[in-house]
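Structure first, commentary second.
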Amino acid sequence: MYPFAAGTRFRAELRRSGDGSGFDVPDDVVAQLGGGRPRVVATVNGHRFRTVISRSPRGYWLGVSPWRRAAARVTASRAHDVDVELDLRPS
């Protein structure tokens with residue numbers, strides 16, 4: 001088990017990229033989660049969802065689908081607190 005399985009929080013702007021929206025994830029957050037492309041449970045404005053932090057040309061990316069944005073009541077071009085913890089459940 002990773003020492004930061006309890007999770008971590010970062011603040012980032014929800015931004016649009018091509019057809020999608022998401023958050024740039026700081027490198028140190030990904031490192032705390034064990035590196036690579038970690039499976040996580042993310043919480044944004046009280047809405048929890050399972051996802052994978054992916055690698056993009058700009059760095060790490062946590063994509064947020066339109067229905068997740070609606071459920072979390074968040075909009076692009078605004079900064080939000082994002083909680084992430086390792087998703088330890090089998091996929």
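Before moving on, here are some points about what is shown:
- Filter pass, PHE49 being touching a His at 6+ places or on another chain (Cβ under 8 Å) and of a type outside the set (D, E, K, R): no
- Condition met for ARG89 (outside any strand (DSSP E or B), exposed (fewer than 13 other Cβ atoms within 10 Å of the Cβ) and of a type in the set (Lys, Arg)): yes
- Here the range 29-68 is the region considered, the condition is being in a loop (DSSP other than H, G, I, E, B) and aliphatic (A, V, I, L, M), and the residue that is modelled with the highest pLDDT is ILE53.
- Single unsatisfied condition, ALA71 versus (1) surrounded by 12 or more Cβ atoms within 10 Å (Cβ to Cβ); (2) not in a helix (DSSP H, G or I): (2)
- Positions within the range 28-50 being in contact (Cβ under 8 Å) with a residue 24 or more places away in the chain and either over 23 Å from TRP67 (Cβ atoms) or of a type in the set (A, V, I, L, M) (or both), in sequence order: VAL29, VAL30, GLN32, LEU33, GLY34, VAL40, VAL41, ALA42, VAL44
- Subset of the range 59-71 (residues that are out of contact with any helix residue (DSSP H, G or I) (no Cβ under 6 Å at 6 or more places or on another chain) and under 18 Å from VAL84 (Cβ atoms)): GLY59, TRP61, LEU62, GLY63, VAL64, SER65, ARG68, ARG69, ALA71
The values are calculated or read from the model by the stated rules, or taken from the named source; none is laboratory data. No experiment lies behind these values; they were computed from the predicted model shown. Heads up, the Cβs are rebuilt from the backbone with ideal geometry, glycines too, and the neighbour counts pull from every protein chain shown.
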